[in-house]
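The values are calculated or read from the model by the stated rules, or taken from the named source; none is laboratory data. Owing to the predicted nature of the structure, the values given are computational and were not obtained by experimental measurement. Neighbour counts run over all protein chains shown; Cβ positions are idealised from the backbone, glycine included.
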Amino acid sequence: MRAMRQFGLTGLALALAASAACAQTATQTPPVESRVAASQETQALVDRYVAEDRTNGIVIGYGGTGAPVFVSAGRIAAEEGAAAADADSLWRVYSMTKPITGIAAMMLVEEGKLELDQPISDFIPGFAEMKVLTDPENSLESRPAARPITVRHLLTHTAGLGYTIVTKGPLLDEYNRLGINPAALNAALEPQMRTIRPDSLEEFANRVATLPLIADPGTSWSYSISLDVLARVIEVAAGMPFERFVQTRLFDPLDMDSTYWTVPQSEVGRFATNYAWAGDNRLPVDPAGSSVWLTPPSFPYGGAGLVMSARNYDRFLHMLLNEGVLDGTRVLKPETVRLAMSNLLPEGVAFGGVAGNTGGTTGPRMGYGAGGSVYLDSVPGGAGAGTYGWGGAAGTAAWVDPTNKVRGVVMVNYFPADKWPLRDDAVRAIYTDMAQ
């Protein structure tokens with residue numbers, strides 16, 4: 001599952017980084033003793049990562065279509081007295097927000113309020129007449145786009161939009177000038193970022209619409225701010241703020257009560273500190289007690305904005321593995337879930353994985369679904385064809401494998417995400433334990 005090591009966040013993160021045998025397919029929860037015994041490989045993995053000082057704390061959750069197993073080791077920060085890491089510890093999931101935004105959009109597709117191939121200018125008029133750069137490395141000269149941006153393009157990073165972590169040249173300068181940087185890093189940098197960042201999803205999307213694209217929509221895959229723009233499409237189509245939509249339609253029905261855009265002061269005691277590796281030194285970038293996530297963001301970042309517990313992200317994954325239902329509550333039709341986790345790329349467009357030191361790498365033959373990658377082939381002894389998932393800039397990863405009926409979530413918080421081969425290690429351990 002090497003492609004679960006996807007990257008997210010901002011160029012700032014890159015700069016800082018450089019300086020079960022779990023639950024069975026039945027719905028009954030196995031006895032605690034049997035679940036712990038069945039997690040031998042996964043427990044050994046988390047113990048080793050802490051013993052070797054690769055991370056202060058780590059939590060892994062996994063399961064089939066039934067109850068989850070959580071294994072953990074270490075603490076949520078280096079400070080003496082920090083709480084032990086467990087299933088309810090809070091972690092910055094950064095780009096693991098993207099599948100949640102993608103699934104939220106699919107809810108509106110199911111209801112007929114959005115169509116996959118509908119132009120987003122129906123919801124954000126500024127996108128009606130987009131331009132495409134003719135010499136991206138050297139100028140902002142542009143020509144009319146060959147076609148409009150659609151919902152499908154936003155879901156699959158094929159809209160031609162940029163990202164501060166990958167875009168170069170004059171367009172990157174424009175992104176920085178207009179504050180097109182929908183992510184938070186720490187409290188020290190946030191005041192400066194807020195002076196230029198838009199203060200609403202509406203203004204964010206409108207500013208993006210004034211900038212040229214890097215390619216014609218629907219012609220190539222490029223990691224981008226598209227899921228952040230999609231958040232604005234969702235709130236217009238739904239007739240309510242984006243954060244209210246996901247709260248009332250996903251988080252509340254699924255009992256995801258430890259999922260936050262802003263961490264309440266009352267929950268700081270279980271909120272992990274985020275670190276950055278500088279050589280062999282691990283330095284605190286965003287201490288929990290003074291975290292940027294204790295203050296409301298400029299707007300809800302649909303591509304990188306959530307803090308969550310492993311237990312809560314597992315509930316999201318569990319719903320997907322169960323094709324839209326969890327604990328008797330249905331939030332999506334089975335056919336909608338299958339569509340969301342299928343290859344939605346426009347015809348002729350390929351996704352070859354994401355290379356980079358925020359966690360991306362290449363893997364087996366892949367497509368792209370609603371905010372997450374999709375395996376087109378099975379990996380022997382590992383993820384099956386149809387596996388859908390994504391990861392985050394601070395080391396988190398999550399996936400749903402409908403072929404083998406496996407779901408998994410990995411929680412740590414450090415930059416860069418690929419400092420250690422945690423995602424590969426976690427996949428091997430989980431699938432070994434699941435096979436027992």
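Odds and ends about this structure:
- Among the conditions (1) assigned to a loop (DSSP other than H, G, I, E, B); (2) outside the structural domain of Pro402 (by TED's automatic domain parsing); (3) of a type outside the set (Asp, Glu); (4) under 29 Å from Pro402 (Cβ atoms), Val263 misses just one, which is (4).
- Filtered residues of the stretch 128-141 (kept if crowded, with 17+ Cβ neighbours inside 10 Å and modelled with pLDDT of 95 or more): Met130, Val132, Leu133
To keep it simple, each residue is scored yes or no on (1) buried (at least 21 other Cβ atoms within 10 Å of the Cβ); (2) outside any loop (DSSP other than H, G, I, E, B); (3) of a type in the set (A, V, I, L, M, F, W, C).
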residue	(1), (2), (3)
Val246	yes, yes, yes
Leu254	no, no, yes
Asp257	no, no, no
Val268	no, yes, yes
Tyr275	yes, yes, no
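- As for the stretch 173-181, it holds no residue that is in a loop (DSSP other than H, G, I, E, B), within 27 Å of Phe415 (Cβ to Cβ) and not assigned by TED's automatic domain parsing to the domain that holds Leu133.
- Meets criteria (touching a Gly at 6+ places or on another chain (Cβ under 8 Å) and of a type outside the set (D, E, K, R)) for Leu172: yes
- Annotation: of all residues in the stretch 202-232 being among the hydrophobic types (A, V, I, L, M, F, W, C) and under 19 Å from Met96 (Cα atoms), the one that is surrounded by the fewest Cβ atoms within 10 Å (Cβ to Cβ) is Trp221.
- Among the residues listed as Asp280, Asp286, Asp327, the single one being modelled with pLDDT of 95 or more and either over 21 Å from the mean Cα position of the chain (by Cα) or surrounded by fewer than 18 Cβ atoms within 10 Å (Cβ to Cβ) (or both): Asp327
- Sole exception among (1) buried (at least 24 other Cβ atoms within 10 Å of the Cβ); (2) in contact with a Gly (Cβ under 6 Å, 6 or more places away or on another chain); (3) assigned to a helix (DSSP H, G or I) for Arg423, by number: (2)
- Qualifying residue in the stretch 142-150 (condition: of a type outside the set (Gly, Ala, Ser) and modelled with pLDDT under 95): no
- Every residue from the stretch 230-241 that is assigned to a helix (DSSP H, G or I) and out of contact with any Phe, Trp or Tyr (no Cβ under 8 Å at 6 or more places or on another chain): Leu230
- Residue satisfying all of: in the stretch 56-67; touching a Leu at 6+ places or on another chain (Cβ under 9 Å) and surrounded by fewer than 24 Cβ atoms within 10 Å (Cβ to Cβ); nearest to Gly408 (Cα to Cα) among these: Gly64
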